[in-house]
Amino acid sequence: MTKEIQVGLIGFGTVGSGTAQVLYEQADRITKRTGASIVLKKVADICTESLPSHFTDTQLTKDAADIINDPEIDIIIELIGGTTIAKKFILDAIAKGKHVVTANKALLSTHGMEIFSAAAKNNVEIGFEASVGGGIPLIKSLKEGLVANKILTIMGIMNGTGNYILTQMTDHGTPFDEVLKDAQEKGYAEADPTYDVEGIDTAHKLVILMTMAYGMDVRLEDVRCEGITRIEPIDIEFAKEFGYRIKLLAISRNHGEHVEARVHPTLVPEKHMLANINGAYNGFYFTGDMVDNVLLYGQGAGMMPTGSAVAADVVDIARNIMHNSINRVPSLSYLPDQIQPRRITPMENIRCPYYFRFSTLDKPGVLSKISGILSKYDISIESVIQKSRKMKGSVPIVMHTYEAQEDAVEKALEEINALETTTAETVKIRVLVDDEE
Ligand code: HSE
């Protein structure tokens, strides 16, 4: 016999209406796959005056409390975003014994531990597949498909807006500001794109993934975060000459005692899978000690893909309700008492090859002065490009180094930037080592 599971949705914006649409359009399929009928009983939104006409039995309210206090509702979907009211609604819902599904990465990456411990105490589930990677089922992959692996590396292009901008810059040589403006006019980028272009949205997602991959209590402030606003078409061109594409990557490597946590523009070898994820697409690349490399690729945002992820969480919880198996799979993959603090690798200890673009006067001896300073700090050059291309009275000298340590690089660049012949601050971009080679 089909069991009815009643659901309430708070927030009827893009993702909220997409979720409602997915639940409506896929209702029969979901019932055939679960034996449950998911009933969207109520929707709360302060700006919505009416629901699409096919939601005949769904009540619309302006007050989220109407949903949170409804004893018939088992699952609350929070899709208003933000870290204040959303947090209150979620904690209130948990206190009432409701399961919660959310796409709120900002909230989970800053107050996640409070929310997950409240959920554990009340024996309810938190579904958050939609918070990372939109429609790509990667949270489930980490929790279930990769459960028998120690995760060694998490890498990814986790922000569609940033990737769209870099792809446009790469394909057309257009400067960052112009691409951003165009993307905003076309509605691809937010009016305030700070979170996307400064890497903050990517850092939110990395925090959630690290928590689940390593069973680690990690916070947003642990992630070193640099955005793409300083990337210039000339760097994209030089990177191409060296055989690389520039991508905004999240990178975390598990060194056992400590783990890396960083988001920054990166030169990715052009044959690497991640170098070929273009436009607004996302790619998540995990390495497990048993499975080796896994790449998950797809739409990291958007109304229907994200709605699909929210609906999948609702279905998981509905199945667990029906089979009396709440928290059969721990929300964070590890059991709550197994989530431990771990040390973050200090940024100054990171080792990788580097790309440098020095802006210098075109005078004899400049190159040897720069290489002298690099050699003093044990930074070895792999290749150099120097063209007589004039840039505002100076010439670019571009270098690709062998692996070097971040603190040595910082010190060397400080000295080079202080040279009389240096005309602008050196551009430094870290280079990804292709583990597959
Ligand atoms: N703004 C994000 C992106 C989607 O551009 O990928 C939501 O995290």
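Annotation note: GluC sites (Glu not before Pro) in the range 1-84 located in DSSP loop regions with a Cβ neighbour count of at most 14 within 10 Å are GLU49, GLU72. Could you tell me the distance between the Cα centroids of the range 116-173 and the range 5-44, to the nearest Å? Centre-to-centre (Cα) distance: 22 Å. Heavy-atom surface analysis with a 1.4 Å probe gives the range 349-431 a carbon and sulfur content of 48 percent of its accessible area. Computed from phi, the 3J(HN,Hα) profile of the range 161-169 under the Karplus parametrisation 6.51, -1.76, 1.60 (θ = phi - 60°) reads 5, x, 5, 4, 5, 5, 5, 4, 4 Hz, with x in place of Gly and Pro. The residues of the chain expose, per residue, 44 Å² of accessible area to a 1.4 Å probe. The 3J(HN,Hα) values that the Karplus relation (6.51, -1.76, 1.60; θ = phi - 60°) gives for the range 21-35 are, in residue order, 5, 4, 4, 6, 5, 9, 3, 5, 4, 5, 5, 5, 8, 10, x Hz. Gly and Pro appear as x.
Partners of LYS247 within straight-line reach, counting lysines whose Cα lies under 19 Å from its Cα and excluding those fewer than 8 residues away in the same chain: LYS205, LYS271, LYS428. Here is the size of the range 261-406 from its Cα atoms: Rg then Dmax, 23.9, 77 Å. Across the range 265-270, rounded Karplus estimates of 3J(HN,Hα) from the backbone phi angles (6.51 cos²θ - 1.76 cosθ + 1.60, θ = phi - 60°) give x, 9, 7, 10, x, 4 Hz, Gly and Pro being marked x. Rounded to the nearest 10 square angstrom, HIS111 shows an accessible area of 60 square angstrom against a 1.4 Å probe.
In the range 139-298, the portion of solvent-accessible area held by carbon and sulfur atoms comes to 47 percent [1.4 Å probe, whole percent, DNA, RNA and ligands not counted].
Within a straight-line Cα-Cα reach of under 18 Å, LYS150 can be paired with the following lysines, leaving aside sequence neighbours fewer than 8 residues apart in one chain: LYS140.
The values are calculated or read from the model by the stated rules, or taken from the named source; none is laboratory data. All values derive from a computational prediction rather than experimental measurement. Using ideal geometry, Cβ is built from the backbone for each residue, glycine included, and neighbour counts are taken over all protein chains shown. To get the accessible areas, we keep the full protein, side chains included, count just its heavy atoms, and leave off ligands, DNA and RNA. Shrake-Rupley method; radii C 1.70, N 1.55, O 1.52, S 1.80 Å.
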